[in-house]
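Novice: Below you'll find the structure I mean.
The values are calculated or read from the model by the stated rules, or taken from the named source; none is laboratory data. From a predicted model like this one, the values you see are computed outputs, not experimental measurements. No Cβ is skipped: glycine too gets one built from the backbone with ideal geometry, and neighbour counts run over all protein chains shown.
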């Protein structure tokens, strides 16, 4: 079946602009995660959804970052007033959502964000 | 605090050589899972293996093998008879029961270059 998809693949924006990044998880997966990967680093957790609710948003760096998942499927990561330091690859992952920390997460190809 | 350390930033080998990628983790939890992911140049994280904290049996899958030792908090990954297609960044990751969310804590990654 189809894996996790993310759009756009690449996004270039100017400092101060607003961006939205979309994630479409594997069908039937109720758990959805966002991570951010800076150049040369491992991915860092941002936020976790179980169904429609954000069960853990402890990784969001500040209040410019926000994510939603209104129908429990597609999720959108929103970044306001972008800064050059927000430039990174934003990765989305999903898992079945039945066994929490025991589950394998499957990752999408990521969105490469560049803030000029 | 929880942490994953991959001390080898880059490794370069010649095809057919065996190579071991090191992973050392820190956690106060007694129940946790360890993972290895491969990130080829295309950027998508590919799941390789998952291991729970109660199962210290080594695992072999084709040319890949994993050595989990709780006594040294290590989960090392060996590729036997390496091939050029093994060239990628490899990440070790930790998921703890106490987080209850399954968020992954990644190491910095090890870049493996296999030369023909």
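Novice: Among B:111, B:101, which is the only one that is in a loop (DSSP other than H, G, I, E, B) and either within 11 Å of chain A (Cβ to nearest Cβ) or closer than 29 Å to residue A:32 by Cα (or both)? Give the derivation first.
Specialist: On the way: B:111 fails: in a loop (DSSP other than H, G, I, E, B).
Answer to the check: B:101.
Novice: Let me ask something additional. Exactly one of these conditions fails for residue A:40: (1) surrounded by fewer than 14 Cβ atoms within 10 Å (Cβ to Cβ); (2) modelled with pLDDT of 95 or more; (3) within 23 Å of residue B:89 (Cα to Cα). Give me its number.
Specialist: (2)
Novice: Kindly indicate the residue of the range A:46-84 that is out of contact with any strand residue (DSSP E or B) (no Cβ under 7 Å at 6 or more places or on another chain) and touching a residue at least 40 places away in the same chain (Cβ under 8 Å) and also surrounded by the fewest Cβ atoms within 10 Å (Cβ to Cβ) among those meeting that condition. Spell out the reasoning first.
Specialist: Within the range A:46-84, the subset out of contact with any strand residue (DSSP E or B) (no Cβ under 7 Å at 6 or more places or on another chain) is A:51-53, A:58, A:61-63, A:70-73, A:80-81.
Now restrict to residues that are touching a residue at least 40 places away in the same chain (Cβ under 8 Å): A:51, A:72-73, A:80-81.
Details: A:51: 14, A:72: 16, A:73: 17, A:80: 13, A:81: 11.
Selected residue: A:81.
Novice: Identify the residue in the range A:85-100 that is facing another protein chain (nearest Cβ under 9 Å) and in a strand (DSSP E or B) and, among all such residues, is surrounded by the fewest Cβ atoms within 10 Å (Cβ to Cβ).
Specialist: My answer is A:89.
Novice: Follow-up. What number of residues within the range B:10-23 satisfy the criterion of being in a strand (DSSP E or B) and within 14 Å of chain A (Cβ to nearest Cβ)?
Specialist: Here is the first cut: in the range B:10-23, the residues in a strand (DSSP E or B) are B:10-14, B:19-21.
Retained after the next criterion (residues that are within 14 Å of chain A (Cβ to nearest Cβ)): B:10, B:21.
Residues that pass the stated criteria total 2.
Novice: Another question about this same structure. Given the structure, is residue A:72 at positive phi, more than 10 Å from every other protein chain (Cβ to nearest Cβ) and either at pLDDT below 95 or not in a loop (DSSP other than H, G, I, E, B) (or both)? Write out each step before concluding.
Specialist: Numbers: at positive phi: yes; more than 10 Å from every other protein chain (Cβ to nearest Cβ): yes; either at pLDDT below 95 or not in a loop (DSSP other than H, G, I, E, B) (or both): yes.
The answer is yes for residue A:72.
Residue-by-condition table, conditions (1) buried (at least 22 other Cβ atoms within 10 Å of the Cβ); (2) closer than 24 Å to residue A:44 by Cβ; (3) under 10 Å from the mean Cα position of the chain (by Cα):
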residue: B:59; (1), (2), (3): no, no, no
residue: B:83; (1), (2), (3): no, no, no
residue: B:92; (1), (2), (3): yes, yes, yes
residue: B:95; (1), (2), (3): yes, yes, no
residue: B:112; (1), (2), (3): no, yes, no
residue: B:116; (1), (2), (3): no, no, no
